[in-house]
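Right, one structure below, let's go through it.
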Amino acid sequence: MAMYSKEELLQGLQTRVIGKKIFVFETIDSTNACARTLGDAGGDEGELVIAEFQTSGRGRLGRSWIAEEHTSLLFSILLRPQVQAEMAGLLTLFASAAVARAIERIAASRVECKWPNDLLLGGKKFCGILLENSLQQTALRYSIVGIGINVNQQTFSPEIADRATSLALHTGGMVDRKAVLQSVLREMDEMYPAIREGDFDFVVKEWTDRCTMFGKHVKVLQHDHVIEGKALRLHQDAGLVLSTPDGPVTVYAGDVTIIS
Ligand code: BTN
């Protein structure tokens with residue numbers, strides 16, 4: 001099956017901002033890269049780029065995001081909220097909360113949020129989010145929220161097989177990708193008026209309620225070093241505050257493992 005047409009995706013969507021305009025590709029380098037081009041060209045917020053296949057899908061920390069055709073949702077949304085550049089990290093929580101709400105209804109299971117940008121079902125990752133910001137001094141010109149959701153995968157490559165899942169594997173049945181996409185877009189659209197004004201209180205709460213790491217001893221792996229400490233809370237800019245032997249430390253990137 002080819003990617004859905006723009007018309008099919010728009011049919012019955014009824015959102016106010018998110019996904020008002022949709023660009024559909026069979027193959028693209030990266031939907032995030034394309035959405036940045038739209039952002040640079042003055043595109044309107046809410047514009048959405050979706051593809052069946054990415055030749056250079058981007059993941060966090062310079063990694064690639066590899067997804068076979070026909071099984072995933074790979075899309076990016078252009079946003080222009082009125083937030084200071086230093087608070088832009090909160091947009092990841094916004095996207096996470098929207099995906100979590102949508103998937104909890106579809107999969108009838110609780111979704112877990114893992115700092116900074118992963119969503120898990122049954123302890124395994126099914127969704128990754130990649131936020132890319134364009135800054136103008138201290139202001140945010142635009143932000144791209146890129147979302148990859150494993151929907152109908154039945155297998156994963158050996159390197160990630162023990163840590164990855166899909167909605168189909170979790171629920172035990174094939175899942176309609178269009179329904180998932182529309183549901184995520186509607187959740188984002190509902191939350192966006194507050195987000196656009198810089199009100200993140202409710203997404204911080206939704207995210208924190210779904211996070212299991214607070215109060216635990218964790219290890220944050222950064223490029224060339226490891227920080228260990230107790231995960232205390234989210235910083236107001238979405239960083240992770242750790243209590244370490246050297247005092248409190250806020251981290252902004254890295255891979256977290258719970259030790260105990
Ligand atoms: C991660 O977990 O490392 C983030 C993965 C984000 C992948 C999505 S797929 C759609 C969008 N386009 C990209 O190139 N990346 C994001």
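What the table below lists for this structure:
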read-out	value
Selection from the stretch 1-46 of residues that are among the acidic types (Asp, Glu), part of a loop (DSSP other than H, G, I, E, B) and either within 14 Å of the ligand (Cβ to nearest atom) or more than 22 Å from Arg186 (Cα to Cα) (or both)	Asp29
Residue tally, condition open to solvent by less than 20 Å² (accessible area, probe 1.4 Å) and among the basic types (Lys, Arg), over the stretch 220-257	0
Flag if Thr155 is touching a residue at least 40 places away in the same chain (Cβ under 8 Å), open to solvent by 10 Å² or more (accessible area, probe 1.4 Å) and in the same structural domain as Thr92 (by TED's automatic domain parsing)	no
Hits in the stretch 63-102 - residues which are more than 18 Å from Asn133 (Cα to Cα), over 13 Å from the mean Cα position of the chain (by Cα), within 10 Å of the ligand (Cβ to nearest atom) and not in a strand (DSSP E or B)	Ile66, Ala67
Failed condition for Arg60, given (1) over 21 Å from Thr165 (Cα atoms); (2) near the ligand (Cβ under 9 Å from one of its atoms)	(1)
Out of Met174, Met213, Met188, sole residue that is part of a helix (DSSP H, G or I) and closer than 22 Å to Lys125 by Cβ	Met188
Single match in Glu206, Glu228 (criterion: part of a strand (DSSP E or B) and touching a residue at least 12 places away in the same chain (Cβ under 8 Å))	Glu228
Of residues in the stretch 103-115 being of a type outside the set (Val, Ile, Thr) and touching a strand residue (DSSP E or B) at 6+ places or on another chain (Cβ under 7 Å), the one nearest to the ligand (Cβ to nearest atom)	Lys114
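The values are calculated or read from the model by the stated rules, or taken from the named source; none is laboratory data. The shown structure was predicted, so the numbers you read here are calculated from the model rather than taken from an experiment. No Cβ is skipped: glycine too gets one built from the backbone with ideal geometry, and neighbour counts run over all protein chains shown. SASA here: full protein model, heavy atoms, side chains in, ligands and nucleic acids out. Shrake-Rupley method; radii C 1.70, N 1.55, O 1.52, S 1.80 Å.
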